[in-house]
Amino acid sequence: MRTWAFNNKTFSPGITLNIDAGGRGNNGGRHAAPTGSGQGGSRSQSLLPAPEFTSPAQVRQYCNAVRAAGVALSIEVAMGAEILKATLVQVPDPDGRIGGSRFRAAKVARKMQRAADALRDAAKNAAATYALFQQEYEEEINRVRHRARPSQPRMDWGQL
């Protein structure tokens with residue numbers, strides 16, 4: 001872990017990302033996509049399910065996972081931008097300008113805030129993707145839905 005010292009103050013950043021998989025079976029509905037580097041058999045777990053789109057449920061699941069990851073990451077990155085800005089404000093301006101350190105810190109942190117905004121937009125677009133999928137493929141989805149539903153026996157009131 002790296003420690004920075006500004007004006008005899010130390011700041012030791014620590015960022016954690018917690019993802020709640022939900023307590024449901026099968027890893028909360030997510031499929032862990034192992035990504036082996038090919039060297040040493042190193043494996044890591046993916047934030048998203050495998051991009052398999054063989055049913056409307058899988059499209060919904062993938063879009064929801066992208067949306068949830070985008071929201072969570074956008075919050076983390078926005079928080080990181082604020083921490084970065086607060087840290088960089090402590091660095092004195094080399095030219096001694098009044099407000100110079102605040103201006104420089106805001107200028108640098110603005111780029112990270114844009115990254116947070118882009119992640120939030122990605123979450124919005126993932127939700128919009130599923131909504132548009134439902135709209136465009138409504139006929140096909142309804143056809144499959146009706147076929148999958150078992151037909152209920154109808155009550156014949158004329159029969160005693």
Notebook entry, point to check: For residue 119, what charge total do you get from the other residues with a beta carbon under 12 Å from its beta carbon, if Lys and Arg give +1 and Asp and Glu give -1?
Noted result: +1
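Considering only protein heavy atoms, with the full assembly of protein chains and a 1.4 angstrom probe, order 95, 121 by accessible area, largest first.
Numbers: 95 115, 121 65 Å².
The most accessible residue leads, giving 95, 121.
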Next item on the list: With a 1.4 Å probe and all protein chains in place, put 129, 87 in order of accessible area, largest first.
Entry: 129, 87
Checklist line | Loop sites in region 87-124: trypsin sites (Lys or Arg not before Pro), DSSP, at most 12 other Cβ within 10 Å | finding: 97
Item checked: Phi to ³J(HN,Hα) by Karplus 6.51 cos²θ - 1.76 cosθ + 1.60 over region 115-122, Hz, x for Gly, Pro -> 5, 5, 5, 5, 5, 5, 5, 4
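The values are calculated or read from the model by the stated rules, or taken from the named source; none is laboratory data. The structure presented is a predicted model; accordingly, all values stated were derived computationally and were not measured. Note: ideal-geometry Cβ built from the backbone for every residue, glycine included; neighbour counts use all protein chains shown. The area values use the complete protein model at the heavy-atom level, side chains included, leaving out ligands, DNA and RNA. Shrake-Rupley method; radii C 1.70, N 1.55, O 1.52, S 1.80 Å.
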